[in-house]
Amino acid sequence: MSSDTGQGRGVRLWAGAYSITALIVFVVLVVLGLIMRLSQSGVVAVPADYFYAIMTLHGLGMAGVLYTAGYAAIWFLASKYVQPNMALMRFNFVLILLGVVGLIAATLIGRFGPGWYMLYPLPFLPTWPTWSIGLAVISVMLLGVAWLLGQLDVLRVIVGRYGLTGMLGWQYLGKGELREDLPPVVLIIAVSMIAGAVTTIVGAVMLMLYLAQWLAPELQFDALLMKNAVFLFGHTLVNITMYCGVAVVYELLPTFSGRPWKTNRIVALSWNAVLLLVLVAFFHHLYMDFAQPVAFQVFGQLASFFSAVPATVVTIFGVMAQVYRSGIRWSFVPLSMILGLTGWVIGGLAAVVDSTIAVNIFFHNTMWVPAHFHTYFLVGFVFILFGFIYQLVGSKSELMGKLSLGTMLAGGYGFLLMFYLGGLESVPRRFADYSSIGISSVMEFGQMSALVAALCVAVFIIGLLLYYTAVFRSLGAWLARIRMDN
Amino acid sequence: MMAILIAGIVMLVGVIAIFLITGWLISGAKPVESAESVTARLYKVRGRYFLLLMAVLVIMLSVTLSNLPYRSQVAVEPEYIVPVSGRIWYWEIGPIQDRDGNPLQAGSGPMVLPLGKPLEFQVTAEDVNHGFGVYDEAGQLIVQTQAMPGYVNKLVHTFTEPGEYHVLCMEYCGIAHHSMVTTITVE
């Protein structure tokens, strides 16, 4: 996946710049997560205002950096078929860096700590300084502008080549003759970027209202409407991050299996269904808001349940068709892809369980919630992303790569198990410490599981460092190859 | 709680099955075959899997959607009303009233709720979002709803065991969120 796949020097350099920056930010955010679990275990005493500021930075940072890295990966893969705007990619890099710096200042200096989804009207609580509220809102707006511009640019070039209905594969649904094959990666990118652009616009409106209230504190908005808006934006962003990972698998796995992965009627139908489902599944975040119309609650459960259909029927069977009896050599990249999809499916199962209203009443805002989205991300998307970056920089350290994967797998699933058990034991999420909880069984399990989780994170970090060693020592040769290609 | 037990079992069985399938794929079944012959066989399995999945989903939906906790979906008529208000960072619960709005409990003593009577908690918030979560003495979260400014969430529940119950905040609400705890007695 270097010069032979058609991406030019600039495309490879910028995909590399985004990826390496993401790796650096990622490990810092993992360490913040470790500090949080240590604090919850009672081993380390982090003052509550710092804990929640760290929690906010960890959540916003992870959602942002993983989406951005996923976007950079699909931008790179899309560049094989279309030419997105290179200057915009450079401009967005600056915009995103500014946003990240602003968020770090607002949280770590201002101790701005309303949590990553900044549920209205919590950000406007006078607990943290006014400047930190404005800085955080403006910083997230900068990120949102960069993401929206990026989404629109990729859509622009894909529509230019494949057409509006063509990029969604509608030509596969009729009986007419195909003029041009639609690569499945383009279809998934189109679906993800449409969902992303529509919901980022909603997020932008919401952030402008936040900005208005920061400037004019006497303003008041409807809390339920704002909650719907924030989850439409936030839930979809997280979902399409995962789809960016799935797009990477669709594009890269065939290069290892030697089998083509083509769009057909079922694949097209499936991803069009995903586009509809992803836009209404967010309602499951509001199940415990009994004032929400019941029809929305039912839509939420229907969409969440039926999203399992395209995910497993098409993608999982597609992966099976790729690798079963293919004679594939399980090097680091395909291994990380299939393990990443495994994490995606396990996280998906946990999500479907929790998206059952009758179950959610026991699991809502318990540790089951971070359990499922950490499964999606930590042992799902992150593994796929790591495979992509390995391939991008052409790392050859197979032994170290597999050692790192095994270590991250053990640490990652151990860490997740503590979340799941915490959910089953009714341990609430987002508690700086459990000592004031008043229920000894919940307090003890919360602290014990946090300690085991922290140890598992330490194991995960060892794996991470092994992986980083393998990648970073390949960078010199990678840069030299790019220079030679020029 | 049966729902939690079922959720745990589904998750355990599901994770084992998913890992077994991944292991089977990675173990590399032999001999190597062409993509066409593998795909043809997999498509047959996929068709059956699709039908099975749809059947399971429809059954699960019909079972679970018939048991919604929302006020308009609950057939039981509450005998008493319990106003609940979340504020940073404490709870105001009561006074308990009958359906005509007459207070049941005089004075400002500890909150005591009747055993075995359907209660309607009318939950709201004064400032930011909170979450009204009720834990039993064993530490099990038995029921919850959100407390949102400007809205009243109506939660119907009947306590079947006497004892001391803990109320925790289930929606992150700021720097003392973890201390927003109180108790209610049921007798």
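What follows is calculated from the coordinates using simple rules that are stated; it is not laboratory data. If you're wondering where the values come from, they're calculated on a predicted model, not measured in any experiment. As a convention, Cβ positions derive from the backbone with ideal geometry for all residues, glycine included, and neighbour counts pool all protein chains shown.
Mind grabbing the base-10 log of I(q)/I(0) for the protein assembly as shown at q = 0.10 Å⁻¹? Debye formula, identical points on the C-alpha positions, no solvent, two decimal places.
Summing over Cα pairs of the protein assembly as shown leads to -0.94.
When the Cα centres of segment B:71-87 and segment A:361-432 are compared, how far apart do they sit, in Å?
When both Cα centres are located, 39 Å separates them.
Extent of chain B along each principal axis, from alpha carbon coordinates, in Å, largest to smallest?
81, 38, 32
Sequence-distant or interchain residues sharing an amide H contact under 5 Å with residue A:366, placed H: which?
A:429
Would you mind ranking A:218, A:425, B:187, B:171 so that the residue whose beta carbon has the fewest other beta carbons within 10 Å leads the list?
A:218, B:187, A:425, B:171
Amide H neighbours of residue B:142 under 5 Å, counting only residues 5+ apart in sequence or on other chains, H built in-plane at 1.01 Å?
B:134, B:135, B:136
Mind putting together the pair-distance distribution for segment A:68-161? All Cα pairs, 10 Å bins, whole percent per bin, short to long.
Percent of Cα pairs in each bin: 16, 39, 24, 16, 5, 0.
Per-residue mean of other chain beta-carbon atoms within 10 angstrom of the beta-carbon, peptide A:410-421?
1
Explain nothing, just the number: relative contact order of chain A, from Cα pairs under 8 Å at least 6 residues apart, as a whole percent.
Normalised by residue count, the contact order of chain A is 17 percent.
Using the C-alpha atoms of segment B:2-64, what convex hull volume per residue, in cubic angstrom, is computed?
With only Cα atoms used, segment B:2-64 gives 78 Å³ per residue.
By count of other Cβ within 10 Å, fewest leading, how are A:116, A:170, A:344 ordered?
Listing A:116, A:170, A:344 from fewest to most nearby Cβ atoms yields A:170, A:116, A:344.
Residues of A:431-443, mean number of Cβ from any other protein chain within 10 Å of their own Cβ, rounded to a whole number?
5
Tell me the angle of helix B:35-64 to the major Cα principal axis of chain B, expressed in degrees between 0 and 90 and rounded to the nearest ten.
Helix B:35-64 and the main axis of chain B meet at about 20 degrees.
Note down the magnitude of the dipole of segment A:118-264 about its Cα centre, charges +1 on Lys and Arg C-beta and -1 on Asp and Glu C-beta and zero elsewhere, to the nearest 20 debye.
320
Can you give the calculated 222 nm mean residue ellipticity of the protein assembly as shown, where each DSSP H run of n ≥ 4 adds -39,500 (n - 2.57) and the sum is split over every residue, rounded to the nearest 500 deg cm²/dmol?
-20500 deg cm²/dmol
Could you work out the mean count of beta carbons from other protein chains within 10 Å of each residue's beta carbon in B:12-18?
4
Out of every Cα pair in segment B:76-186, what percent are spaced more than 19 Å from each other?
When every Cα pair of segment B:76-186 is considered, 40 percent fall beyond 19 Å.
Which value, in debye to the nearest 20, describes the size of the charge dipole of the protein assembly as shown about its Cα centre when Lys and Arg Cβ atoms bear +1, Asp and Glu Cβ atoms bear -1, and nothing else is charged?
3080
Could you give me the ³J(HN,Hα) list for segment A:342-352, computed from phi with Karplus coefficients 6.51, -1.76, 1.60 and θ = phi - 60°, whole Hz, x at Gly and Pro?
Values per residue, Gly and Pro as x: 4, x, 4, 5, 5, x, x, 4, 4, 5, 5 Hz.
Skipping prolines and chain starts, which residues have an amide H placed within reach, meaning under 5 Å, of the one on residue B:170, given they are 5 or more residues away or on another chain?
Residues meeting the amide H criterion: B:131, B:132, B:133.
What order do you get for A:367, B:60, A:167 when you list them from fewest to most C-beta neighbours inside 10 Å?
Ascending Cβ contact count within 10 Å gives the list B:60, A:167, A:367.
Please give the contour-minus-distance gain from residue B:54 to residue B:24: 0.36 nm per residue of separation, less the Cα-Cα distance, rounded to one decimal in nm.
Roughly 8.3 nm would be gained on extension.
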